[in-house]
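Remarks on the structure that follows.
Taken together, the values in this text are just the output of simple stated rules run on the coordinates, not laboratory data. Remember, it's a predicted structure, so these values are computed and weren't measured experimentally. Here the Cβ positions follow ideal geometry from the backbone for every residue, glycine too, while neighbour counts run over all protein chains shown.
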């Protein structure tokens, strides 16, 4: 993805749940399409990635944390965020850490590849593909406000995805009011 890439429609759909000026952690942010978009929405963003060059392009718009979260310790121990965004990334040992990094009332917006993708293209290895209902099980302690799983046909050739939007504990009543759902595919 290049710097001008459009944010995920799933992230855009559920971002209204993030508290105004709430802190956001973009995990494995890559080129920063969500970092840029969320910062433009007025959120202080922490960009976390192992690619130092990608993070260099995000300096000045986000707190940039360079770390390999698959081989090293969690670099944000003790910190909590009003929202966590994870797209196109899966490292199962990290899932409990992510839930712990979510502040009370915080929002998890997660979207990545699911089983079936191996028949379409990359990624194809099982360790990078969610099994049916896996995000629901992994984040059972959160209140799920949105979930999708299956094949998304557009853009071609399509992809198999699993998505969750969930809230940690109590939320402000107005938080669940937002734009009507748009389902593509």
Normalised by the number of residues in the chain, what is the relative contact order in percent for Cα pairs under 8 Å and 6+ residues apart? 19
Could you give the length gained on full extension between residue 9 and residue 92, defined as 0.36 nm per residue of separation minus the Cα-Cα distance, in nm? 27.5 nm
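Ranked highest first by the average count of other Cβ atoms within 10 Å around their residues, in what order do 154-165, 98-109 fall?
Numbers: 154-165: 16.9, 98-109: 20.5.
In descending order of packing, they fall as 98-109, 154-165.
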What length, rounded to one decimal in nm, is gained on full extension from residue 63 through to residue 153, with 0.36 nm per residue of separation minus their alpha-carbon distance? 28.9 nm
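Go ahead and estimate [θ] at 222 nm for the chain from helices alone: -39,500 (n - 2.57) per DSSP H run with n ≥ 4, summed, over the residue count, rounded to 500.
Values: 5 runs with 30 residues, N = 185.
That calculation yields -3500 deg cm²/dmol at 222 nm.
Tell me whether the range 46-85 comes out rounded, prolate or oblate; compute the Cα gyration tensor, take square roots of the eigenvalues as a ≥ b ≥ c, and use a/c under 1.5 as the rounded threshold. Provide the component values of the computation, followed by the final result.
Values: a/c = 2.27, a/b = 1.14, b/c = 1.98.
In terms of gyration-tensor shape, oblate.
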Here FRET efficiency (C-beta to C-beta, residue 52 to residue 136, R₀ 25 Å, nearest 0.05) is 0.15
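Assign one of three labels to the chain, namely rounded, prolate or oblate, based on the Cα gyration tensor with a ≥ b ≥ c the square roots of its eigenvalues; rounded applies when a/c is under 1.5, prolate when it is not and a/b is larger than b/c, and oblate otherwise.
rounded
Please state the shape class of the range 85-158: rounded when a/c is under 1.5, otherwise prolate if a/b exceeds b/c and oblate if not, all from the C-alpha gyration tensor. Intermediate values should be presented prior to the final figure.
On the way: a/c = 2.30, a/b = 1.77, b/c = 1.30.
Since a/c reaches 1.5 and a/b is larger than b/c, the shape of the range 85-158 is classed as prolate.
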Cα point-scatterer Debye curve for the range 34-109, base-10 log of I(q)/I(0) at q = 0.22 Å⁻¹: -1.18
